[in-house]
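Step one of this worksheet: look at the structure below.
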Amino acid sequence: MKRQLFSCAVLLVLILFAPFNASFKVYGQGGDGKLTPDPKPTPTPKGGKGAKPAAPVTPTLSFNEEEKGRFDPRAAEKFEEFLLAAKSSDWLTFKLTSENPALNLQLLDKDKTEIPLSKDAASGEFKVATASGALPADGEYRVRVTGPGTGRTAIPFTLKVNRLGLLTSVYNERFQKIVLNYREEDQAAADEAVNKLEELVKEDANRASTFEMLGIIYLYNKHDYEKAEQAMAQAIKLNGAAVVKITYDAQWRRVAKLRTGKFGWEEARTGWLRIRPGQLVLTDPSNKSLASLNGQQIRELSKIVTAASYMVSITAENMRRPFIFAPASLQSAEADLVVKLIQNHVMGKTN
């Protein structure tokens with residue numbers, strides 16, 4: 001009887017405390033003697049369930065660098081898209097290379113309005129086919145590679161955006177404005193011209209006329225022979241010319257002692273020397289050619305030093321007299337510069 005009563009009492013206790021057991025927390029004793037609950041483990045997502053897929057990133061094109069891609073005809077969107085930041089003054093061509101001739105190119109502005117492109121049959125390059133050849137505005141553009149709507153395999157391609165400099169119309173306008181504002185006798189105007197020409201070089205380093213003008217200003221306003229030589233050499237490299245003012249005698253005679261007691265030309269003339277790739281041209285002030293020589297015709301080139309000036313003498317094939325002239329400054333450094341430029345860029349050799 002007692003055993004039965006004990007069993008009933010135990011059962012009653014279990015029934016009474018059962019609701020509380022479901023919410024019991026397990027406590028542990030830390031080093032400070034306080035009871036603290038065991039931390040709950042953070043559940044780890046299984047198989048990435050619940051994770052949002054990363055949004056696709058549209059690749060960005062850089063000027064004059066190749067970008068490789070693959071056109072997939074099985075994709076929902078029938079194009080591969082790239083972003084391009086460009087200006088309306090940029091002179092651009094687009095080169096799309098692939099073994100599949102079905103690939104084509106589209107250009108769209110930020111509002112997804114298509115900009116017309118035309119493809120050159122010889123080079124295979126695309127160019128902007130607006131009336132001015134320019135983009136409508138500065139900003140971000142979308143370049144799309146399109147292709148066939150059916151197929152089972154992706155088509156690899158290479159895309160390159162060539163920035164050739166400034167549009168010719170933009171360059172000419174800026175260059176002419178610089179030239180018109182330049183005055184040799186005004187140092188401030190010369191300084192401003194140099195700054196604007198250097199800015200122009202940063203945007204378009206492929207125009208010989210910019211370097212021709214820089215060479216003149218560095219030589220005659222700045223008297224910086226090193227920078228003058230660098231600019232002139234770059235002008236020649238771009239099929240332009242190094243331009244130097246000269247004085248000479250009408251008969252190409254040497255400097256003589258004049259009736260005034262001073263040394264000078266008997267029949268003084270002024271003109272220009274233009275040093276081009278493989279050629280030099282002597283002209284009068286109106287740019288009428290006095291002599292034109294190529295590197296093979298020059299037999300001897302030398303610098304003449306006198307008490308009065310520094311001159312340059314050129315002996316040419318089938319010419320009775322040498323061409324003798326002096327740089328306008330009569331300075332030794334300028335005569336050295338002329339000799340060096342002729343040696344390097346006309347005769348193709350250095351001493």
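Every number here is computed from the coordinates shown, using simple stated rules; none is lab data. Just so we're clear, the structure is a prediction, and the values are computed from it rather than from any experiment. Note that each Cβ is placed from the backbone with ideal geometry, even for glycine, and that neighbours are counted across all protein chains shown.
Each of the peptides 138-144, 221-227, 99-105 was scored by the mean count of other Cβ atoms within 10 Å over its residues; in descending order, highest first, they stand as 138-144, 221-227, 99-105.
Inverting the pair-averaged 1/r between distinct Cα atoms of region 272-328 gives 12.1 Å as its Kirkwood hydrodynamic radius.
Region 158-279 gives an Rg/Rh value of 1.12, both radii derived from C-alpha positions and Rh following Kirkwood.
Peptides 80-87, 321-328 ranked from most to least packed by the mean count of surrounding Cβ atoms within 10 Å: 321-328, 80-87. Principal axis extents of the C-alpha atoms in region 241-351 (largest first, rounded to whole Å): 41, 29, 25.
Along the axis of the charge dipole computed for region 210-345 (Cβ charges of +1 for Lys and Arg, -1 for Asp and Glu, origin at the Cα centre), the listed residues M213, V339, N287 are led at the positive end by N287. A Stokes-Einstein calculation at 10 °C with viscosity 1.306 mPa s, built on the Kirkwood radius of region 243-296 over Cα pairs, returns a diffusion coefficient of 131 µm²/s. With the largest listed first and rounded to whole Å, the semi-axes of the equivalent ellipsoid of region 66-165 from the Cα gyration tensor are 24, 15, 11. For region 167-237, the calculated P(r), taken from all Cα-Cα distances in 10 Å bins from zero up to the bin holding the longest distance, is 22, 56, 21, 1 percent.
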